[in-house]
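The values are calculated or read from the model by the stated rules, or taken from the named source; none is laboratory data. The structure presented is a predicted model; accordingly, all values stated were derived computationally and were not measured. Using ideal geometry, Cβ is built from the backbone for each residue, glycine included, and neighbour counts are taken over all protein chains shown.
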Amino acid sequence: MKLDHFTPTRVVFGAGRLREVGQLTREHGSRALIVCGRRAARQHGMLHVVRSSLGEAGLAVTVFDEVSPDPRADEVDQAVAVAHREGCDVLVGLGGGSAIDAAKAAAVGFVHGPAGALLGTTVAATDDLLPVVAVPTTAGSGAEVTKGAIITDTDRGLKTGIRGEALFPAAALIDPDLLRSVPHQVLVETGFDAFAHAVESYLARRSNPLSDLLAERCLELISGSLPRLVRGERDAELRETMALAALFGGLNVATASTCLPHRLQQAMGAIPKAAVSHGRGLALVYPAWLRHAYPHASRRMDNIAELLGRGGEGPDAIVEMLDRIGLRARLTTAGVSEDDLPILVGSVTGNTDNDPIPGVTGDLIGRIYEESL
């Protein structure tokens, strides 16, 4: 057994703690750039609270609110330009995984230049990047505690990551109360992302006793909570449970990483008409991937079924979860056709050696996409 664990991010967790972001950020700089999306953070008052808290802590504050749901390399470059212009020395990523990834990528771009050229690279752990304080407003991506940023280069039709231990945020402030204002469908889709992190880190070749503990607890938390979200419940205990599950999932992404479905979903960035959320994109390819992975990880998948309180074969229990939360669908519902398959297959990037399926090939990837149509 081998176990490598490194998570340098300070985690501040608890309901009502958003107003602490100013003092937390003050430990890392004096001129902050808030990186967020175009609408949600402002509409729901979160941007105002964060900006006020930073100001009260004595920081100069600038806002870059141009991040797309799939953050683009040109947006990252724009954020970097603003940070240079304003002399910023700390970044605050406020939003879902997109905003946080954009902030982490901007921290790299501030030192290394245009984001497009950095895609697919690993940043040296010794690189002195701008510190990032991550404030997630959804429960799913776990980006607040991971060492990567997924960015889309629209010029090349490429969606992939910038990675490396230098990308870990300096701090993460997780306030479950922020989930009150998240749209219902976003909660469900990001919740499945957290679920997928638990499943894949449990089945991953790099799984270890620590990641197993986190995955098992994450699955237990989500199995009882995500269906309740679908029913419209959103009480304080449920918000806290989902935020905690997302944190556990993110820690596992940093420890054991993910499997083939994440590579398959990222490749959808090459098909502009297939503009679905990360969580929904994962759900589209999950059933076919599970069928191919089961012969190589049957014991662990069956353990997942037990953790979900279902028993039987693991793929059936996991697909049943998709049914229960209303995310089971085909790629065709996202506008993908058979003609798009060669583009998808050719756009899969990243290491597939962590998948339970040994020796993942282009032919296998093509079959999974085809079976998902």
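Before moving on, here are some points about what is shown:
- The residues of region 184-220 that are surrounded by fewer than 19 Cβ atoms within 10 Å (Cβ to Cβ) and free of Cβ contacts under 8 Å to residues at least 40 places away in the same chain, listed by number, are Gln185, Asp212, Leu213, Arg217.
- Scope region 129-158; condition charged (D, E, K, R) and surrounded by fewer than 24 Cβ atoms within 10 Å (Cβ to Cβ); matching residues: Asp153, Asp155, Arg156
- Residue ID - nearest to His197 (Cα to Cα), chosen from residues in region 244-258 that are β-branched (Val, Ile, Thr) and assigned to a helix (DSSP H, G or I): Val253
- Close contacts from region 351-371, counting a first residue that is in the same structural domain as Ala293 (by the TED database) and over 16 Å from Arg291 (Cβ atoms) and a second that is hydroxyl-bearing (Ser, Thr, Tyr) and outside any helix (DSSP H, G or I), with Cβ to Cβ under 8 Å and a gap of 6+ residues or different chains, come to Asn354/Ser257; Asn354/Thr258.
- Checked against (1) surrounded by fewer than 24 Cβ atoms within 10 Å (Cβ to Cβ); (2) at pLDDT 95 or above; (3) among the small types (Gly, Ala, Ser), Gly232 meets all criteria but (2).
- Contact map, region 164-179: first residue farther than 12 Å from Lys147 by Cα, second residue among the β-branched types (Val, Ile, Thr), Cβ cut-off under 6 Å, separation 6 or more or different chains; pairs are Ala171/Val133; Ala172/Thr9; Ala172/Val11; Ala172/Val145; Leu173/Val12; Leu173/Val21; Leu173/Val135; Leu178/Thr137.
- Once region 345-373 is narrowed to residues that are aliphatic (A, V, I, L, M) and part of a loop (DSSP other than H, G, I, E, B), the residue that is nearest to Leu264 (Cα to Cα) is Val348.
- Per the conditions (1) surrounded by fewer than 22 Cβ atoms within 10 Å (Cβ to Cβ); (2) in contact with a strand residue (DSSP E or B) (Cβ under 6 Å, 6 or more places away or on another chain), the sole criterion not satisfied by Ala41 is (1).
- Arg291 vs. criteria part of a helix (DSSP H, G or I), under 18 Å from Val186 (Cα atoms) and in the same structural domain as Val360 (by the TED database): no
- Annotation: of all residues in region 330-356 being under 21 Å from the mean Cα position of the chain (by Cα) and exposed (fewer than 15 other Cβ atoms within 10 Å of the Cβ), the one that is modelled with the highest pLDDT is Asp353.
- Residues in region 304-317 that are in a helix (DSSP H, G or I), without any contact (Cβ under 8 Å) to a residue 60 or more places away in the chain and farther than 23 Å from Leu264 by Cβ: Glu306 only.
- Positions within region 220-237 being part of a helix (DSSP H, G or I) and out of contact with any Lys or Arg (no Cβ under 6 Å at 6 or more places or on another chain), in sequence order: Glu220, Leu221, Ile222, Ser223, Gly224, Ser225, Leu226, Arg228, Leu229, Val230, Ala236, Glu237
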